[in-house]
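Could you have a look at this structure, given as structure tokens, before my questions?
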Amino acid sequence: MSSKILESMGLGNLDIAYIFIGMLAIMLIMLTLIIILVVKTSKLSKRYNRFMQGKDCKSLEKELTKIFEDNRFLRGVTDQNSKDIRKIYKNLEVTYQKVGLNKYDAFKEMGGKLSYSLALLNGNNDGFILNSVHSSEGCYAYTKEIKNGKCSLELGAEEKKALDMALGTIGE
């Protein structure tokens, strides 16, 4: 069968069955795409309805506004906490945090290790050594200043041991 329309397009030798089959294939592809789109739209509609369940636009707007306010509040609290932590670490540098204690007998006739050397250092290894010597005449105490883990005065063996304990260079 020939068609005047096909002949005018220059396709007069083409069998109409091929055109029919081609159109049928295109229709099947289109039908498949429509089914896929309907399924996706249905899933999206279900998710939207579940999201909007029990809410109207104003309540949803309030919820979103509240979330943003909470986020701003948490960001502010986090920033303040970070500042506070930095301040605490800065303060810790100058607090006494390293301790060395050496108890000893200053005199052979005295027992019980009543004399002691106490080294207190901060994070920069600055501080002092408190030395207390107990004798039968009384108790005498004096201090020596420590800078960067060193003393400008000569240290006795007991004081050196307390300083080394505080610096962590020897065990107790």
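The values are calculated or read from the model by the stated rules, or taken from the named source; none is laboratory data. Being a predicted model, the structure only gives us computed values, none of them experimental. Please note: Cβ atoms are built from the backbone with ideal geometry, for glycine as well, and neighbour counts cover all protein chains shown.
Let's see how each residue does on (1) more than 40 Å from the chain's Cα centre (by Cα); (2) in a helix (DSSP H, G or I); (3) among the β-branched types (Val, Ile, Thr):
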residue: 86; (1), (2), (3): no, yes, no
residue: 111; (1), (2), (3): yes, no, no
residue: 153; (1), (2), (3): yes, no, no
residue: 169; (1), (2), (3): no, no, yes
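Could you check segment 124-143 and list, in sequence order, the residues that are in a loop (DSSP other than H, G, I, E, B) and either in contact (Cβ under 8 Å) with a residue 40 or more places away in the chain or touching a helix residue (DSSP H, G or I) at 6+ places or on another chain (Cβ under 6 Å) (or both)?
If the condition is that a residue be in a loop (DSSP other than H, G, I, E, B) and either in contact (Cβ under 8 Å) with a residue 40 or more places away in the chain or touching a helix residue (DSSP H, G or I) at 6+ places or on another chain (Cβ under 6 Å) (or both), then 125 is the only one that fits.
Do we have residue 63 as assigned to a loop (DSSP other than H, G, I, E, B) and modelled with pLDDT under 90 here?
Criteria not met by residue 63.
Okay, next question. Would you check if residue 51 is loosely packed, with under 10 Cβ neighbours inside 10 Å and among the hydrophobic types (A, V, I, L, M, F, W, C)?
Considered against the rule, which asks whether it is loosely packed, with under 10 Cβ neighbours inside 10 Å and among the hydrophobic types (A, V, I, L, M, F, W, C), residue 51 comes out as yes.
In addition: Six or more apart or on different chains, Cβ atoms under 6 Å: show the pairs whose first residue is in segment 84-110 and aliphatic (A, V, I, L, M) and whose second is assigned to a helix (DSSP H, G or I).
99/166
Okay, moving on. Just one of 24, 11, 44 is farther than 30 Å from residue 156 by Cβ and assigned to a loop (DSSP other than H, G, I, E, B); which is it?
On inspection, the qualifying residue turns out to be 11.
Here is a follow-up. When you scan segment 101-122, how many residues do you find that are in contact with a helix residue (DSSP H, G or I) (Cβ under 6 Å, 6 or more places away or on another chain) and within 14 Å of residue 150 (Cα to Cα)?
Matching residues across segment 101-122 total 2.
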